[in-house]
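S.K.: Structure in structure tokens, see below.
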Amino acid sequence: KCFMYIVIMGICQAVFSSIIPNDNLLSTLIADIMFVLVAMLLIKLSKQSIKAKLKINKITLKTIVTVILIALALNFVFQSTQFLFPESMRGELASEMDTDLSGVKSFIGFITVVIIAPFSEEILFRGLILGELAKCFNMHIAIILQAVLFGVMHGNIIWAVIAFLSAVLYGYFIRKYENIFTPVAGHMSVNLLSFILT
């Protein structure tokens, strides 16, 4: 099932990037929304509770603030791992980022980068994939495996390392708090900071 969810996300991305080839942000926004809707439909069709499957529970403001502060603090540590790589690789990453981030400073960019992408990625990785992996492995191994998948999805080796470390953190958030909104809050806060600093 893990790979089924990844394939569905990939299909959504491919379809909408071909329909809207000149606007990567808009195609990503629509693809992510479509993925979440399809995932919810599949959960319903399998006669499971969406709330139970994705761990949608009540959460306190204190918990949200705690995970945001932890995510932001550790993000600085995770970002510093890029300095372990050669200067040439970091330069290549900066060049890729300049290309990828063109047009991000817009309303669509904000909605996509800060709200929808973190939400859909958390549904996919910490909601669906981690849940499936936890049925086959102990939770620590499941967290590592979903983090590897999350890192690979980010492509560039430096981004992959940062994404892997973040995914481990988000995996432990959902393990500790039993709530999908803890990794969502952490992920959104990190993306918001990146959005502001870009």
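S.K.: Tell me the per residue accessible area of the chain using a 1.4 Å probe; a whole number in Å² is fine.
M.R.: Per residue, the chain has 52 Å² of solvent-accessible surface.
S.K.: In addition: Number of Lys pairs in the chain with C-alpha atoms less than 25 angstrom apart, excluding same-chain neighbours closer than eight positions?
M.R.: Counting lysine pairs in the chain gives 26.
S.K.: Please compute the net charge surrounding K51, taking Lys and Arg as +1 and Asp and Glu as -1 over other residues with Cβ under 14 Å from its Cβ.
M.R.: Taking every other residue near K51 into account, the sum is +4.
S.K.: For the chain, treating each Cα as an identical point scatterer without solvent, what Debye log10 I(q)/I(0) comes out at q = 0.12, 0.13, 0.15, 0.16 1/Å?
M.R.: These q points yield log10 I(q)/I(0) values of -0.60, -0.71, -0.97, -1.11.
S.K.: Another question about this same structure. Leaving out ligands, DNA and RNA, what percent of the accessible area of the chain is carbon and sulfur, probe 1.4 Å?
M.R.: Using a 1.4 Å probe with all protein chains present, the chain comes out at 72 percent carbon and sulfur.
S.K.: Leaving out ligands, DNA and RNA but keeping every protein chain, what accessible area does D23 have, in Å² rounded to the nearest 10, with a 1.4 Å probe?
M.R.: 60
S.K.: Here is a further query. Heavy atoms of the protein only, probe of 1.4 Å, neighbouring chains included. What is the accessible area of R90 in Å², nearest 10?
M.R.: Accessible surface of R90 is approximately 50 Å².
S.K.: Work through the residues other than V67 whose Cβ is under 13 Å from its Cβ and net out their charges, Lys, Arg +1 and Asp, Glu -1.
M.R.: +2
S.K.: If you don't mind, another one. Extension gain Q82-I111, at 0.36 nm per residue separation less the Cα-Cα distance, in nm?
M.R.: Length gained between Q82 and I111: 7.8 nm.
The values are calculated or read from the model by the stated rules, or taken from the named source; none is laboratory data. Only a predicted model underlies this, so the values are computations on that prediction, with no experimental measurement involved. No Cβ is skipped: glycine too gets one built from the backbone with ideal geometry, and neighbour counts run over all protein chains shown. For accessibility, only protein heavy atoms count, side chains too; no ligands or nucleic acids. Shrake-Rupley method; radii C 1.70, N 1.55, O 1.52, S 1.80 Å.
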